[in-house]
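Structure first, then comments.
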Amino acid sequence: MNKNSPNNHFIYTDWILIETQFDPEQLHSRETVFTIGNGYLGTRGSFEEGYIRALPATFIHGVYDNVPVVYTELANCPDWLPLVISINGDKFRLEQGEILRYDRQLDLRQGIFSRSVRWRSPSGKTVDIHFERFASLADQHVLGQRCQVTPVDFDGMIEIQASINGYPENQGFNHWEAIDQGKTEAGIWLHSRTRGSRIDIGMAARVTISGTETALQVHTAPGYPTLTATFLATSQQTVTVEKTVTVFTSRDVSQPVPAAQEKLAQLPDYLTLLQANAQAWNEIWHYSDIVIEGDSKAAFAVRYNLFQLLIAAPKDDEKVSIPAKTLSGFGYRGHIFWDTEIFILPFFIFTQPALARNLLSYRYHTLNGARRKASHYGYKGAMYAWESAVTGDEVTPRWSLPSDFYGEDIRIWCRDHEIHISSDISYAVWYYWQATSDDEWMQKCGAEIILDTAIFWNSRVEFNSEEDRYEIRGVIGADEYHEFVHNNTFTNRIVQWHLEKALIVDDWLHQTFPEQAQELEDKLQLTAEIKTQWSDIVAKLWIPYDAETGLIEQFEGFFQLEDINWNDYEPRTQSMQGILGIEKTNKLQVLKQPDVLMLLYLMRELGDFPYNPKSLQANWDYYAPRTDITYGSSLGPAIHAILASDLGKSAEAYERFMQAAMVDLEDVRGNAADGIHGANAGGIWQAVVFGFGGIKLRDSRPVANPHLPKGWTGLKFKLHWRGKWHEFDLRPQITQEESNKGFILFAPSSSHTSKIQGVIFDLDGVLTDTAEYHYQAWQKLADEEGIEFNRQANEALRGISRRASLMLMIKNRKFSEAQIQEMLERKNGYYVELIENITPKDVLPGAIALLEELRQKGIKIAIGSASKNAQVVVERLGIADHVDAIADGYSVQQPKPAPDLFLYAAEQLGVPPEQCLVVEDAAAGVEAALAAGMWAVGLGPSERVGAAHVVLPSLAGVRWAELQDKLREAMAQKN
């Protein structure tokens, strides 16, 4: 299917972007949009013949050079594109003559950028010209161009000039010194060197021409070696020019010029190179593609953003990383931010783990720069730069210069105060390790990153003796509209989380690699006292969280800031900070991007504090309306899309998702000219997979609980998890309203209940009674901690998770996350000891008979229990042979009353939710079954399980046929 976008002259097909009209006003943004690359370099979509005000650029990973004010930037490398065509003396250029027909295409499947033009010269000659280019994914040092010229209505002289331009500029600054150039039997070559960093580049090019007889001439104007050919062309005769370029730098080899020359001499013809490139892309897309059915615009937009990430990811270099604007523009000078680890990296972790390892290894190789920064500020350990380049030293400019002559310089404080990046990087290291089980890399690189940055926090936190708590003062959180704040919750909690994991990693390292652990301790001067302080910080670091409401204060004093009426500023075309100014925005409840909500997203995957449904709802309601989601930060919309999807706000989730997906294609924010929004592109993948796909990560495998947008008929993707590939083919889930309508529609019919193909049993209170054991374990814990608890209070814990139970028990008492985890483990230990005595005699009356009857009827059976000991209990009861699947406390993130557990069980059975029946003894379980769109049978008093379709005292004497009759009767009464 094709989707026309009338405002920007784009057509979106499954794989190809087509531009149908050239608009000079969008010259620079389109140069960004049509960027190609291969993970080694990126080349903007500039015209081969040039254009006034154009910003042609080729950026190569790691080729940085110093420049005044901005410290260092990616150097725009010599331009390999120049290909000038003259028709009877008139040079082909789009700003002269007449464009009769035009289109540009970017083929994502093969990484090919092409342009077709029918052009009438000023002297009236009409010619068809087709350009094509690619950066080989099969060989990162190879670039290809092809030009086909066909006179339409004349015979005449055509001249071709194919060059390498050794005078590229970074918006007015030339980083290169010309060293040498020349010709060989194969073609031409150029040798240049950066002025400050002294990086050498060698480029070589050859040209072949077919369709006419001509000879190539070499012209060696300084810094601009050129191959030229002149020939007499005949009307309707096509002449093909193929230009092949090789490139090496002294980062790759010691002698880049000979390397480029030798590579060029050995290369096969253009078509063979093109085929190899296509094959390499086919292999990449096999694992990284996302297929969206029913929404062609979204399908292309997602692929486009993934393409831009793939062409920026270094395949053979672990000392570089992906800049904020990838390798596509001059924005942010090619610097690397937290964008890579938090937004971009998950895509690579789960589809290209080798590339993810390279990206994280960059942070290992730049640890010394992080140590130098910590030392400069008077701290210990490693303090990562907010913006970094080659060495890891801080390269954030101190000042932003105004564009008007009388404007004030703006101090950039992020370099000094936006310090959460050290824990952001550790967060990424941890999740890479969890997803890949790459113990080798973890013990060699990852552990050192996590531990040395944890040592930094030891010296950075402050202890408030009056409040008996640790604090982190004078920071900038994820929301950069507020500077110099104290106890930013995002920073405090990610640091607390970081130190928790540092203790785990240190323990793992000592147990698994004791020699390396000792060597690292000696290297980092990591003492027992430091580790003890980590535990103390974890227990006492202040998190301004209201347990009663779930609301989190973004930072100390945020709730006292002035609110604004956003409608007073609409409609607008710039950020709120741009309208109000930096100082005033700093005093208002106006956010640049998600901060508390960003924290909840990061803690979401495993349900870590403070993420829970109540807290998500409370903080969404408070912070989403206060976030400048349109013009604040491009990092916001994708995260909002995921959280809105979690909250069931499907329309808003899709709106935010498409806002993110089109940010560059449609220049939504007006700054696509600066380069691709790399973090946004990574966020789009997360929005699709974790948001709409509902992917939750479990020990055994990723699990999907999809929330597909309206109109999407299918969503397919692959994920790599701990050495195995998992394929997902997701279809729309019925809503609760639709589910209820469905029951009413065919409830009176005996055929409907006969469609039930799966029965999901809760374990405790349904098939056996371990409630007494749970009670005894909780009571023992309560007695030890001085928590008021009795059998009546225990009734409120039925059917809910262990953590949720403890939260109900402790009420408003304050415990650190580490203390909570310890209590949960202690209670579970008591429970496990008690259930060792369970035998098949503990199966409740009627259960075995019903299980066997269902088995004879061919109905699938699952256990759906919140307990993390369900597997053990099932085996001790001797009913494992009666069960097809077990969904337990490890299977999903959201406990009952969320439907996730039962939806997971249905997925494991391969039975649609509407064809499943749940047998439960808890109100939360019944609610979860109904939310999943399933039949519900409640066991116990009506006061507790009366919301179920059928209520029974127990399973004693229950037969399947009789149960079906009761279901039909219940639905008939509701009708």
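Each peptide among 59-65, 851-857, 321-327, 867-873 gets the average number of other Cβ atoms lying within 10 Å of its residues, and from highest to lowest they stand as 321-327, 59-65, 867-873, 851-857. Listed by chain and number, the aspartates and glutamates whose C-alpha is less than 19 Å from the C-alpha of LYS183, apart from same-chain residues fewer than 8 away, are ASP79, ASP200, GLU242, GLU262.
What separates the Cα centres of region 78-140 and region 478-546 is a distance of 55 Å. Considering only ALA651, SER123, TRP620, and ranking their Cα positions along the charge dipole of the chain that arises from unit charges at the beta-carbon of Lys, Arg, Asp and Glu, the one farthest toward the positive end is SER123. To put it simply, the accessible area of the chain at a 1.4 Å probe is 48 percent carbon and sulfur.
Classify the chain: rounded, prolate or oblate, from the alpha-carbon gyration tensor (a ≥ b ≥ c, eigenvalue square roots; a/c under 1.5 rounded; otherwise prolate if a/b is larger than b/c)? It comes out prolate by the Cα gyration axes. Note on LYS780: lysines with a C-alpha under 25 Å away, same-chain residues under 8 apart excluded, are LYS811, LYS814, LYS827, LYS868, LYS896.
For the residues HIS141, HIS707, a 1.4 Å probe over the protein chains yields an accessible-area ranking, largest first, of HIS707, HIS141. In terms of packing, defined here as the mean over residues of other Cβ atoms within 10 angstrom, the peptides 772-782, 960-970 line up highest first as 772-782, 960-970. Along the axis of the charge dipole computed for region 255-320 (Cβ charges of +1 for Lys and Arg, -1 for Asp and Glu, origin at the Cα centre), the listed residues LEU310, GLN279, PRO268 are led at the positive end by LEU310.
Each of SER361, SER235, THR573 was scored by the projection of its Cα onto the charge dipole of the chain, and the greatest displacement toward the positive side belongs to SER235; charges sit on the C-beta of Lys, Arg, Asp and Glu. Take every pair of alpha-carbon atoms less than 8 Å apart whose residues are at least six positions apart; their mean separation over the length of region 484-628 yields a relative contact order of 28 percent. Within the straight-line cut-off of under 25 Å between alpha carbons, the lysines reachable from LYS592 are LYS325, LYS584, LYS614, LYS649, sequence neighbours fewer than 8 places apart in one chain being disregarded.
For region 78-89, the Karplus equation 6.51 cos²θ - 1.76 cosθ + 1.60, evaluated at θ = phi - 60°, returns couplings of x, 7, 8, 8, x, 8, 9, 10, 10, 10, 6, x Hz by residue, with Gly and Pro reported as x. When each of the peptides 538-549, 930-941 is scored by how many other beta carbons lie within 10 Å of its residues on average, the order from highest to lowest is 930-941, 538-549. When the listed pairs LYS444/LYS523; LYS696/LYS718; LYS319/LYS724 are checked against a 24 Å cut-off, the alpha-carbon distance exceeds it for LYS319/LYS724. Using θ = phi - 60° in the Karplus curve 6.51 cos²θ - 1.76 cosθ + 1.60, the 3J(HN,Hα) couplings for region 293-306 round to 9, x, 8, 5, 5, 5, 4, 5, 4, 5, 4, 4, 5, 5 Hz; x is entered for Gly and Pro. Between 0 and 90 degrees, rounded to the nearest ten: what's the tilt of helix 489-512 against the longest Cα principal axis of the chain? Tilt of helix 489-512: around 80 degrees.
The values are calculated or read from the model by the stated rules, or taken from the named source; none is laboratory data. Quantities reported herein were computed from a predicted structural model and do not represent experimental measurements. Cβ sites come from the backbone with ideal geometry, for glycine too, and all protein chains shown count toward neighbours. What goes into the accessible areas is simple: the full protein's heavy atoms, side chains included, and nothing from ligands, DNA or RNA. Shrake-Rupley method; radii C 1.70, N 1.55, O 1.52, S 1.80 Å.
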